[in-house]
Structures are given as structure tokens and as C-alpha cells.
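Participant: Dumping the structure here so I can ask a few things about it.
The values are calculated or read from the model by the stated rules, or taken from the named source; none is laboratory data. All values reported here derive from a predicted model rather than from experimental measurement. Cβ atoms come from the backbone with ideal geometry, glycine included; neighbour counts cover every protein chain shown.
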Amino acid sequence: MTARFAAGAQTGRGNVHDLLELAITTADAAGAMLVDQRPADVRVAATKSSPTDVVTEMDRAAEKLIIERIRASRPGDAFLGEEGGASSGGSGVRWIIDPIDGTVNYLYGLPDWAVSIAAEVDGEIVAGVVTVPTRGELYTAARGEGSYLVHRDGSTEKLSCNTGIPLERALIATGFGYFAQRRARQAEVLLGVLPRVRDIRRGGSAAVDLCSVASGRVDGYFERGPQEWDVAAGGLIVREAGGFMGGLNGRPASAEMTISAGPGLYEALHDLLAPLSPERD
Ligand code: LIP
């Protein structure tokens, strides 16, 4: 799969177009490996923050593949990977990787899981790729160049999130954490949200949720808990599709709270959430 971008902007640390192309080919390779080599019975290799926060051997294999491929082309870059692949580098470029975002979906054979790769230059995300191999969809964005959905047959759509959606007609994606206490609070927050919106979706992958905001398949998204690797690429894809991503009260998006939506709805969703104290466990 290839994305169509004009001449890539220079960052001073490299060409954004080159970083994007490397992210695309690497995410494609990892996605193909995850589909082709998925064992009939995917087993949990370990648990992380709680017994339901799982990692499979395939998460580890995909992260290894991604880091090895990028490092072969760009040996001086730094990495942050969900499965522990953090290392420093001197080039000013850092790759933020989620080898499988939506591991529980992957475990159960549900389609919505993604490989997410973002390139950050001097602290700013400049290129992002989210591939959803089971759907044959690859989402890409380069800073200042828009975001695109490339289908399996090579056809490409420029993405544009929904704008001006009133809260009561908004379809909102969300997700839940892995700790029981946090989930109980998230259920309380939902009590305040559900009666005020069209409906709620819980897809199981924050990266896919953000791409769905970018493509207009949902109108907005909020979640307490997503980590940098869950939202780095998807956040750029949303912004380049005309949407917003942030936290509460003007703070940046973080594990405390991440909110995303198009203009008009973003403010209303924020104002609905803020009094519900969604950052509290
Ligand atoms: C998951 C997210 C999901 C969220 C989970 C978890 P993982 O990532 O993308 O949407 O609700 O809490 O963070 O663990 O599958 O990479």
C-alpha cells in the first residue's frame, strides 16, 4: 500500500515523507505477519497492569519486527514501544509504536485491532500510520499534509472528520481501563454521558477509535487511560482530518483524559465531561 503525498516537508532531522513511507511499509509488514502467523489459539504470554491487561507472543514478535526494520534504515533513532522497546538515539527522531492496539480483540479473533506507528521529531509527531489489516485499511497522516485512508485495492480517500454535530446526535466511542476501580468510575461517568448523546461505541482499540473520528465513522471519542503509543499516530490522523484531540481544561491529551472530536462537538463533549470528574478513579 502506498499513500500519495506531494514533496515531503523537511524537519531539519529528515524528510517527513521518508519517515511516513518507512512507517507505512513497516506497519504493512507487521500487519501481514500478525494476520499470516496468527496461531489458531492465540495464547496470553503475560499480564501487565491487571489480569485482563494481556500481552501475546504476537505483540512481542510484531514490536521486534517493527523496531528491527526501522533500525535497519535509521540506526540513530530512538524508540518507545508498548511492549518495552524503549531506547534512546541521537538523531532527534523517536518512533512511538503500538504493535497491536486492541490486543484483546486480536486474542478473541475480533477484527478491530491495529498496528500504530508514529514518528516524532524534536518532540512533535510529524508522521503517523495506523493499519487495520483485517479490514484492509491503512490510515496515514503527515504534518500539514492531511490524512488519508488507503484501501486494500489501493484506492485512497482524503479524510475529514464530521463537523458541527450537536451532542444529542453524536455517536461517541470510548474505552475502559484494566483496573476494576477505574472501570467502576468509568461506568459512573457513562451514566452522565449516555443519556445526552446518540449512542456509545466500545470498539476495543483507541487507535482505531481515533481513525474513526478522522473518517467520520464516529463523531467523537473520549477515554481515561490511553497511553502515548495508543494515540500518537491516531492523534495526528485526527488533527490532519480537521479534528481536535486534547485533555480537560486546555491540558494536552494524556493518560489522564483524551478527548477527540470535530469542531463544534469537541467543546460540547469537553463541557459535558468536565463536571463528571472523569480523571478520578
Ligand atoms: C487498549 C486500547 C483500548 C483501551 C484499552 C487498552 P491495548 O490498548 O486501545 O481502546 O480501552 O484500555 O489501552 O492494551 O490493546 O494495546
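Participant: Which residue is farthest from the ligand (Cβ to nearest atom), if the candidates are limited to region 69-109 and must be without any contact (Cβ under 8 Å) to a residue 60 or more places away in the chain and among the aliphatic types (A, V, I, L, M)?
Facilitator: Step by step, filter region 69-109, then rank; the result is ALA72.
Participant: Kindly provide the set of residues from region 89-125 that are outside any loop (DSSP other than H, G, I, E, B), touching a helix residue (DSSP H, G or I) at 6+ places or on another chain (Cβ under 9 Å) and acidic (Asp, Glu), ordered by number.
Facilitator: ASP98, ASP101, GLU120, listed by residue number.
Participant: Right, here's the next one. Pick from GLY154, GLY246, GLY216: which is in the same structural domain as ARG135 (by TED's automatic domain parsing) and not polar (S, T, N, Q)? Give the derivation first.
Facilitator: Values: GLY246 fails: in the same structural domain as ARG135 (by TED's automatic domain parsing); GLY216 fails: in the same structural domain as ARG135 (by TED's automatic domain parsing).
Unique residue meeting the criteria: GLY154.
Participant: Residues that are surrounded by fewer than 22 Cβ atoms within 10 Å (Cβ to Cβ), over 16 Å from the mean Cα position of the chain (by Cα), among the acidic types (Asp, Glu) and closer than 14 Å to LEU171 by Cβ: does region 263-278 have at least one?
Facilitator: No - not one qualifying residue is present in region 263-278.
Participant: So, in region 51-67, how many residues would count as being more than 18 Å from ASP28 (Cβ to Cβ) and aliphatic (A, V, I, L, M)?
Facilitator: 2
Participant: Output the number of residues of region 159-190 satisfying the condition of being within 16 Å of the ligand (Cβ to nearest atom), of a type outside the set (A, V, I, L, M, F, W, C) and assigned to a loop (DSSP other than H, G, I, E, B).
Facilitator: Within region 159-190, residues that are within 16 Å of the ligand (Cβ to nearest atom), of a type outside the set (A, V, I, L, M, F, W, C) and assigned to a loop (DSSP other than H, G, I, E, B) number 3.
Participant: Here is a follow-up. Does region 191-201 contain at least one residue that is among the hydrophobic types (A, V, I, L, M, F, W, C), within 16 Å of the ligand (Cβ to nearest atom), surrounded by fewer than 17 Cβ atoms within 10 Å (Cβ to Cβ) and at negative phi?
Facilitator: Looking through region 191-201, at least one residue is among the hydrophobic types (A, V, I, L, M, F, W, C), within 16 Å of the ligand (Cβ to nearest atom), surrounded by fewer than 17 Cβ atoms within 10 Å (Cβ to Cβ) and at negative phi.
Participant: Any residue at all in region 175-184 that is within 15 Å of the chain's Cα centre (by Cα), surrounded by 13 or more Cβ atoms within 10 Å (Cβ to Cβ) and closer than 15 Å to VAL115 by Cβ?
Facilitator: Within region 175-184, none of the residues are within 15 Å of the chain's Cα centre (by Cα), surrounded by 13 or more Cβ atoms within 10 Å (Cβ to Cβ) and closer than 15 Å to VAL115 by Cβ.
Participant: Just one of the numbered conditions (1) crowded, with 23+ Cβ neighbours inside 10 Å; (2) assigned to a loop (DSSP other than H, G, I, E, B) is not true of GLY128; which one?
Facilitator: (2) is the only condition that GLY128 fails.
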